[in-house]
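Report on one structure; see the data block that follows.
The values are calculated or read from the model by the stated rules, or taken from the named source; none is laboratory data. As the structure is a prediction and not an experimental result, all values here were calculated from the model. Counting neighbours? That spans all protein chains shown, and the Cβs are built from the backbone with ideal geometry, glycine included. Each accessible area value is taken on the protein alone, full model and side chains, heavy atoms only, with ligands, DNA and RNA left out. Shrake-Rupley method; radii C 1.70, N 1.55, O 1.52, S 1.80 Å.
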Amino acid sequence: MLIVSLHRICKKDIDRIMKNYFRTSLLLLLIVSCTGRPGVQKDGAEAWRTETELLNGLLQEKKEPEAIEKAKEKINELLSRVSAEDSTQADYAAELVSVLIRAYTATRNFPEGLSLLDSLSRVPYIQKNCPYDLYACKAYINQLMGNNEKAIECADEYLQLPECKDDTRYILNAEAVSGVYAYCSNDIHKAIGVLQDAVERYRKGGQYPHILRLISRLGIYYRLMGEYEKASAINQEAISSYNDSLPPQEVVIAYGEQSNLYAALGLYKEALQYNTMAVHYASQKDSFGLGDVYRYRADLFLNTGPLDSVFHYLRLGEQVSTRQRSFRGVLVNKIQQLKSYLEEPDSVQRAVQLGRTLCADTARIPKWAKYQFELYFGKAFLKAGDTAQAIALIKDASQGFATMDMVNMEYEANDILLEHFRQHAATGEFMYYYNRNRLFADSLKTDEKLRAMAASNIRFDTALKEKENERLSLLVEMQQRHIFYDIYVFVTLVLFLGGAIAYILRKRKTNRVIIERSRQEIERLISSQRKLNQHNEELAKKIEQLTANNNLTPIHQLVCQSLLSKEDENAFRQSFATIYPYYLPSLRRRYPQVTRNEELLAMLICMGQNTDEIALVLGINRTSVNVVRSRMRKNLGLSKEESLDEVVKQFLQNG
């Protein structure tokens with residue numbers, strides 16, 4: 001049983017089958033896909049190739065009427081002298097037919113295109129060599145004209161033909177035939193079977209320039225049948241196979257369908273990302289699918305909000321479909337707009353008014369779209385209080401959905417009818433719709449479970465693929481830049497070494513200057529300190545004189561004067577550290593108990609000062625210096641055999 005709603009067929013899938021009105025050449029290249037002909041005459045082939053190129057040029061310039069007239073003249077000339085043995089002439093005839101069909105399609109003159117195919121089917125040579133192409137093209141043209149039954153009949157006749165041995169021919173016609181089964185008869189199983197064979201033949205060597213589009217259509221059908229993981233895998237195959245050398249419309253369906261798949265699984269964030277890519281590629285050529293992807297985007301916002309975005313993208317979709325003269329696109333757009341109005345409490349009357357304007361067009365639209373319109377129009381009447389009209393429309397919609405096996409849509413319509421008949425105690429009708437819903441309630445629950453499971457699997461697979469893609473991208477990028485980095489590193493290394501050498505030489509010169517200046521500063525400080533101490537000796541004499549005279553106040557002032565100022569000591573320490581930057585850190589690390597005065601004594605010893613010179617610098621007598629040295633030995637824990645001078649000087653080596 002089909003377990004997914006064809007609600008998405010009318011809005012998201014089946015209309016996309018229609019999006020290439022102006023590309024029917026892929027379906028109607030009759031002779032290009034005819035049987036291979038080994039005896040082609042080179043000169044004749046060159047001649048007809050030149051003529052068909054001129055005709056194709058007219059089509060590109062939008063001069064369809066002129067192209068039709070010239071092609072008719074050429075084909076009449078050809079058919080009047082065609083020989084069953086001349087394969088070149090048959091190829092030429094098919095190219096001319098291709099030009100005519102594309103011109104009729106571009107001008108939407110489908111009846112004349114169909115008439116041309118009927119006349120060709122009476123030509124013995126064409127009938128003998130191209131029956132697959134004739135039936136496939138007839139089916140497609142009838143589909144475009146809305147002749148669904150005739151389209152299905154032609155597609156059935158196509159499948160009854162002997163197996164086509166030419167893989168390229170089969171792939172060419174498969175897209176048209178599968179679209180007829182999906183769009184006209186809702187026979188998704190047959191559509192999948194035809195496309196699966198086509199994809200398999202392509203993988204075995206068949207040729208088809210639009211294979212990505214065909215693969216994407218297979219993804220559509222997989223999703224409609226609830227085979228979500230298959231759909232995701234084949235869509236990703238199409239997306240990953242795309243490159244900038246291909247026309248952008250080749251990947252539009254893949255991105256759009258992957259977006260629809262994620263939306264069906266409730267993954268709206270991912271769906272919006274893929275839809276953004278679909279809009280990007282569709283916008284590059286204003287393709288027929290642009291209106292569709294705008295409508296799909298509106299449907300995404302209908303589920304996530306805001307409603308302003310819904311109506312914005314519906315307006316864009318309608319503008320594109322109007323510009324491209326797509327009646328079906330405009331109609332589907334309005335049906336979706338009607339559905340969106342139902343989500344706004346203040347827009348019920350607008351929904352009713354829009355539904356009334358669409359009533360006149362229901363005879364021209366496909367049945368699935370008609371039933372959907374009836375459901376939404378009935379909902380609008382129900383909200384407006386017109387129960388009689390509402391129930392009549394919804395009952396018609398329910399019956400229509402049942403005939404087309406649109407399970408989810410029928411279930412939605414039946415739910416409304418069940419509530420109405422329950423309230424009005426209409427037991428008979430209530431039981432009818434209750435039993436109908438029971439038929440597929442279990443399948444819908446199973447479908448929900450499958451959706452949840454598929455969503456979980458796709459999330460997991462997507463995360464793995466993203467990580468793998470990131471890893472591969474990084475690896476490729478690293479390989480591509482390997483040579484560049486080697487050169488860059490080599491040049492940088494040379495420059496760095498040159499700069500380092502220059503820096504070291506300059507630094508050495510600068511350091512020699514700094515060290516010399518520091519030595520001079522130390523010598524100046526020591527000389528200055530000696531002079532200061534000589535001055536202190538003179539002061540000491542004055543102190544003795546003042547003491548003898550009992551004048552103690554000047555003595556107190558003199559005694560309070562600092563023999564070695566703090567500033568001078570700091571300047572000495574700074575200069576010493578410039579010459580020997582690691583001396584004090586090494587001394588402190590080895591003897592953390594050393595005092596500040598002992599550090600000063602050690603630095604003076606390292607500067608080669610003897611006891612008398614140290615006494616002079618510190619402003620104390622020789623005996624006091626020896627006392628300081630003795631205390632320092634004890635503090636450092638030196639034995640009698642160890643020399644204080646040698647111990648403190650050993651740390652100069654670390655500097």
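Here are some pairs, 74/138; 62/138; 62/339; 62/334; which of them have Cα atoms lying more than 31 Å apart in this structure?
In this structure, 62/339 lie more than 31 Å apart at Cα.
Shape of region 90-198 from its Cα gyration tensor (a ≥ b ≥ c, root eigenvalues): rounded if a/c is under 1.5, otherwise prolate when a/b > b/c, or oblate?
oblate
Starting at the first residue of region 105-117, write each ³J(HN,Hα) from the Karplus equation 6.51 cos²θ - 1.76 cosθ + 1.60 with θ = phi - 60°, in whole Hz, x for Gly and Pro.
5, 4, 8, 6, 9, 5, x, 5, x, 5, 5, 4, 5
Taking a 27 Å limit on the Cα-Cα distance, which of the listed pairs 230/395; 204/367; 165/190; 128/150 fall beyond it?
Over 27 Å apart, Cα to Cα: 230/395; 204/367.
Which order do peptides 596-609, 395-408 fall in by mean Cβ count within 10 Å, highest first?
395-408, 596-609
Counting only heavy atoms of the protein chains, get the accessible area per residue of region 116-162 (1.4 Å probe) and round it to a whole Å² value.
So region 116-162 comes to 44 Å² accessible per residue, rounded to a whole number.
Write out the trypsin sites (Lys or Arg not before Pro) in region 613-655 meeting two conditions: DSSP loop, and at most 16 other Cβ atoms within 10 Å of their Cβ.
In loop regions of region 613-655 (DSSP not H, G, I, E or B), the sparsely surrounded trypsin sites (Lys or Arg not before Pro) are 640.
At most 16 other Cβ atoms within 10 Å and a DSSP loop assignment: could you name the GluC sites (Glu not before Pro) in region 335-410 that fit?
Here the GluC sites (Glu not before Pro) that fit, given the DSSP loop and packing criteria, are 343.
Residue by residue, what Karplus-based ³J(HN,Hα) values in Hz, rounded to whole numbers, does region 405-417 have, using 6.51, -1.76 and 1.60 with θ = phi - 60° and x for Gly and Pro?
Rounded to whole hertz, the list is 6, 8, 4, 4, 5, 5, 4, 5, 5, 5, 4, 5, 5.
Could you tell me the distance between the Cα centroids of region 599-650 and region 137-212, to the nearest Å?
107
For region 180-334, with all protein chains present and a 1.4 Å probe, just round the carbon and sulfur fraction of the accessible area to a whole percent.
50
Residue by residue, what Karplus-based ³J(HN,Hα) values in Hz, rounded to whole numbers, does region 60-73 have, using 6.51, -1.76 and 1.60 with θ = phi - 60° and x for Gly and Pro?
So the J values, rounded to whole Hz, are 5, 8, 6, 9, 4, x, 5, 5, 5, 4, 5, 5, 4, 4.
What trypsin sites (Lys or Arg not before Pro) in region 116-204 are in a loop by DSSP, with at most 12 other Cβ atoms within 10 Å of the Cβ?
Passing sites in region 116-204 are 122, 165, 204.
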